[in-house]
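Working notes for the structure below.
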Amino acid sequence: MTAEEKLKNLVLAPYILKATALIGKQRGVGGNQFRHAMATMAILLDYKLFDDYVLLKASVIHDLLEDVPETNEFEIRIIDGQADRVLELVKEVTKPVGMSKADYLRRILEQGSYNAKLLKCADRISNLTDLHRGIKSDEQISLYLDQTEEYVIPMAHLVNDDMVKELTDLVAKRREILKAMGLKKSSE
């Protein structure tokens, strides 16, 4: 069975229903978290990761525990036979309260599972695609790009060479915009 044929067997509806709790939850870069969750899944599909059902299901709800802390985990656990593994992956990519972003990203880079790294890379591709100067300051954008170069691109090197290229290109294009506006890399 081809990966495309396997994709026909993927049942996402129960996870999408859970993800609807993200509708109306604003993103720091604009838009809402539900659309971001769908975009993250679409990025994984664009990379032809059709047959990793746990990864695809987790992508749909990857921000749920962080953005809707009152989420009932039991309701997720009873969705299907993969739900425990899906929830485990979601927890792996959920930033603990009080942990710095750098420590969180370093933890995934150094200790995260293969799927956690893939999911974080897809998540960051979505975030970089939506990162606009009208919502974040130039300094905030520069810091975000620095973190991408320090932690996320090295993750991509461990899981997917095409993601390395896309992340590198996205960072370079955003740096060009910042440079055109007169702001250098924050470490310069």
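The values are calculated or read from the model by the stated rules, or taken from the named source; none is laboratory data. No experiment lies behind these values; they were computed from the predicted model shown. FYI the Cβ positions are ideal-geometry reconstructions off the backbone, even for glycines, and counts take in every protein chain you see.
Just the residues that are within 16 Å of LEU87 (Cα to Cα), in a helix (DSSP H, G or I) and in contact with a helix residue (DSSP H, G or I) (Cβ under 7 Å, 6 or more places away or on another chain), please, taken from the range 1-20. Of everything in the range 1-20, those that are within 16 Å of LEU87 (Cα to Cα), in a helix (DSSP H, G or I) and in contact with a helix residue (DSSP H, G or I) (Cβ under 7 Å, 6 or more places away or on another chain) turn out to be TYR15, ILE16, LYS18, ALA19. Taking the range 1-19 as the range and being loosely packed, with under 15 Cβ neighbours inside 10 Å and among the small types (Gly, Ala, Ser) as the test, the residues that pass are ALA3, ALA13. If you go through the range 59-75 one residue at a time, do you hit one that is of a type in the set (A, V, I, L, M), touching a Lys or Arg at 6+ places or on another chain (Cβ under 6 Å) and closer than 21 Å to TYR15 by Cβ? Looking for residues that are of a type in the set (A, V, I, L, M), touching a Lys or Arg at 6+ places or on another chain (Cβ under 6 Å) and closer than 21 Å to TYR15 by Cβ, one finds at least one in the range 59-75, hence yes.
Out of the residues in the range 125-142 meeting the condition of being buried (at least 17 other Cβ atoms within 10 Å of the Cβ) and touching a Phe, Trp or Tyr at 6+ places or on another chain (Cβ under 9 Å), tell me which one is farthest from TYR47 (Cα to Cα).
If we take residues in the range 125-142 being buried (at least 17 other Cβ atoms within 10 Å of the Cβ) and touching a Phe, Trp or Tyr at 6+ places or on another chain (Cβ under 9 Å), then LEU131 is farthest from TYR47 (Cα to Cα).
Every residue, every condition in (1) in contact with a Leu (Cβ under 7 Å, 6 or more places away or on another chain); (2) β-branched (Val, Ile, Thr), yes or no:
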position	(1), (2)
ASN32	yes, no
ALA39	no, no
ILE78	no, yes
ASP84	no, no
LEU87	no, no
GLU92	no, no
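Residue by residue, here is whether (1) without any contact (Cβ under 8 Å) to a residue 60 or more places away in the chain; (2) surrounded by fewer than 14 Cβ atoms within 10 Å (Cβ to Cβ) holds:
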{"site": "ALA21", "(1), (2)": "yes, no"}
{"site": "ALA39", "(1), (2)": "no, no"}
{"site": "PHE50", "(1), (2)": "yes, no"}
{"site": "TYR53", "(1), (2)": "yes, no"}
{"site": "LYS57", "(1), (2)": "yes, no"}
{"site": "VAL60", "(1), (2)": "yes, no"}
{"site": "GLU70", "(1), (2)": "yes, yes"}
{"site": "PHE74", "(1), (2)": "yes, yes"}
{"site": "ILE79", "(1), (2)": "no, no"}
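So for the range 124-132 (the condition being more than 13 Å from the chain's Cα centre (by Cα) and at pLDDT below 95), does at least one residue qualify? So that I can check it myself, show each step before the final result.
Our first condition is that a residue be more than 13 Å from the chain's Cα centre (by Cα); within the range 124-132, this holds for 131-132.
Now drop any that are not at pLDDT below 95, which leaves 131-132.
Within the range 124-132, one or more residues are more than 13 Å from the chain's Cα centre (by Cα) and at pLDDT below 95.
Of the residues making up the range 33-52, those that are in contact with a helix residue (DSSP H, G or I) (Cβ under 6 Å, 6 or more places away or on another chain) and aromatic (Phe, Trp, Tyr) are PHE34, PHE50.
Residues considered: VAL11, VAL68. Of these, the only one that is of a type in the set (A, V, I, L, M) and out of contact with any Phe, Trp or Tyr (no Cβ under 9 Å at 6 or more places or on another chain) is VAL68.
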